[in-house]
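Notes follow the structure.
The values are calculated or read from the model by the stated rules, or taken from the named source; none is laboratory data. The structure displayed is predicted, hence computed values, not measured ones. Don't worry about glycine lacking a Cβ; one is built from the backbone with ideal geometry, like all the others, and counts go over all protein chains shown. Protein only, heavy atoms only, side chains kept; ligands, DNA and RNA dropped before computing areas. Shrake-Rupley method; radii C 1.70, N 1.55, O 1.52, S 1.80 Å.
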Amino acid sequence: YHAINIEELTHIPTLLLFQQLMGSLRSTVPGLVPQFFGTANPGGIGHEWVKEYWKIGYNDGKKFEEDGITKIYIPSNIDDNPHLRDADPDYVKYLDSLPPDLMLKWRKGDWNDHDSPALPLQSSKSRKESRRRIAQLPLPLFFEFARAFVL
């Protein structure tokens, strides 16, 4: 691949998996420079390696070289994207209503560690409930539903 774009980079659990993916980032076309672009919210399973890899909190907004790779982390949050903020004000309200730990991460873009043990389950469940996406299916019906996607 000559370009790799990843939404929510912190969903990749380890630096090793990311490095294996980057092994596919190459170009055979003269003058076509391979590039990687990623977005991420603080938190998530890959939080620590993403923070360290891009030196978040140290080189924010500045290019730097490391191991022959040019990197830059550009901090941003919903207030930096007026188009999205204005198009979906309910999303901003949702971010403001999150538990304090998660609100600091997702609303404010805070990469400091504010984790609490129950937070991942609570925030995931709260978001689904707020959008009325939790459903209980009887087990046989669930398997019928799942089989439709496998076949």
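Hey, rough spin-label estimate for Ile72 and Gln20, points 7 angstrom out along Cα→Cβ, what's it come to in nanometres?
3.1
Return the loop-located GluC sites (Glu not before Pro) in region 1-82 (DSSP other than H, G, I, E, B) with at most 13 other Cβ atoms within 10 Å of their own Cβ; answer none if there are none.
Here the GluC sites (Glu not before Pro) that fit, given the DSSP loop and packing criteria, are Glu7, Glu8.
In region 1-109, which trypsin sites (Lys or Arg not before Pro) are in a loop and have at most 14 other Cβ atoms within 10 Å, using DSSP for the loop call?
Arg26, Lys62, Lys63, Lys108
Please give the per residue accessible area of region 62-113, computed with a probe of 1.4 Å over protein heavy atoms only, in Å².
67
Hey, with R₀ at 30 Å, roughly what FRET efficiency would Glu48 and Ser27 work out to, going by the Cβ-Cβ distance, to 0.05?
0.45
When a/c reaches 1.5 or more, the comparison of a/b and b/c decides; with that in mind, is region 2-98 rounded, prolate or oblate per its Cα gyration tensor?
Prolate is the answer for region 2-98, as a/c is 1.5 or above and a/b outweighs b/c.
Rounded to the nearest 0.05, what FRET efficiency do Phe37 and Tyr58 have when you use their Cβ-Cβ distance and R0 = 30 Å?
My answer for the efficiency is 0.90.
Identify the chymotrypsin sites (Phe, Trp or Tyr not before Pro) of region 35-96 meeting these criteria: DSSP loop state and at most 14 other C-beta atoms within 10 Å of the C-beta.
Those that pass, being in a loop and sparsely packed, are Tyr58.
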